[in-house]
Structure formats: structure tokens, C-alpha cells
Amino acid sequence: MNLRRDVFQALADPTRRAILLLLASQSMTAGAIAANFDSARPTVSKHLQILTECELLAQEQKGREVYYHLSAYKMKEIADFLEPFRQHWDDRFNKLEQVMKAYQSKK
């Protein structure tokens, strides 16, 4: 049985989000990533495994080192999924702002 990890469960973890932010600017090895956290290296490796299984990270072998980098395609897929929600909340906040301005002008 092939179980796929849920990408949103992966994103829910603050350490995994921090790893994604760290890799947003450059590719890094597991050791370099782990050096940025107080967690044990095996713990960081588990986070990297989950992010890789969710296709949020890709691995690239360079000599003996494995570099991790963001999967731009998967990140765009998530952003595209979230866009209607973002638009919905932007509309709601704009309406709230109009109500607040009308309230302030009546004072």
C-alpha cells in the first residue's frame, strides 16, 4: 500500500516551515540545514524526508553531498490552491475597512 503524505500536514509543522524558508534562497546539504536548528540531526533528517515525500523539496547529488532545494512547481501548486481563499479574505477585509470608515465618519 502506497501512502502519500499530506502536504498541508507537512506545512503545519513550524520546523518544516523554517526549513522551507531557509531553502528559499539557496540549496543546502542536510548538515548545513541541521546546523540552523537545536534539534538532533536525525530529527532534521526526518523533516527533510517528509518534505521530500510531499515533493516540496528535491534532492540533487553533487559528488558525495546531497543538496536539498525547493520544488518551485509544488510551491506554485500550493499557492494556486490557496489563491481563491486569499481573494475571499481580501474581499472580506476590504468590506470591513469600508464599514469602519463609514462608522468613523459618523462619529
Name the single residue that is modelled with the lowest pLDDT among those in region 42-82 being more than 21 Å from S25 (Cα to Cα) and either touching a helix residue (DSSP H, G or I) at 6+ places or on another chain (Cβ under 7 Å) or open to solvent by less than 80 Å² (accessible area, probe 1.4 Å) (or both). L82
Are any of the residues in region 48-56 part of a strand (DSSP E or B), touching a strand residue (DSSP E or B) at 6+ places or on another chain (Cβ under 8 Å) and among the aliphatic types (A, V, I, L, M)? no
Which residues, counting only those in region 29-41, are open to solvent by 80 Å² or more (accessible area, probe 1.4 Å) and touching a residue at least 24 places away in the same chain (Cβ under 8 Å)? none
Test: residue in region 13-28 that is at pLDDT below 95 and surrounded by 14 or more Cβ atoms within 10 Å (Cβ to Cβ): no
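The values are calculated or read from the model by the stated rules, or taken from the named source; none is laboratory data. As the structure is a prediction and not an experimental result, all values here were calculated from the model. Neighbour counts are summed over all protein chains in view; Cβ atoms, including those assigned to glycine, are modelled from backbone coordinates with ideal geometry. Calculation scope for accessible area: heavy atoms of the full protein, side chains included, ligands and nucleic acids excluded. Shrake-Rupley method; radii C 1.70, N 1.55, O 1.52, S 1.80 Å.
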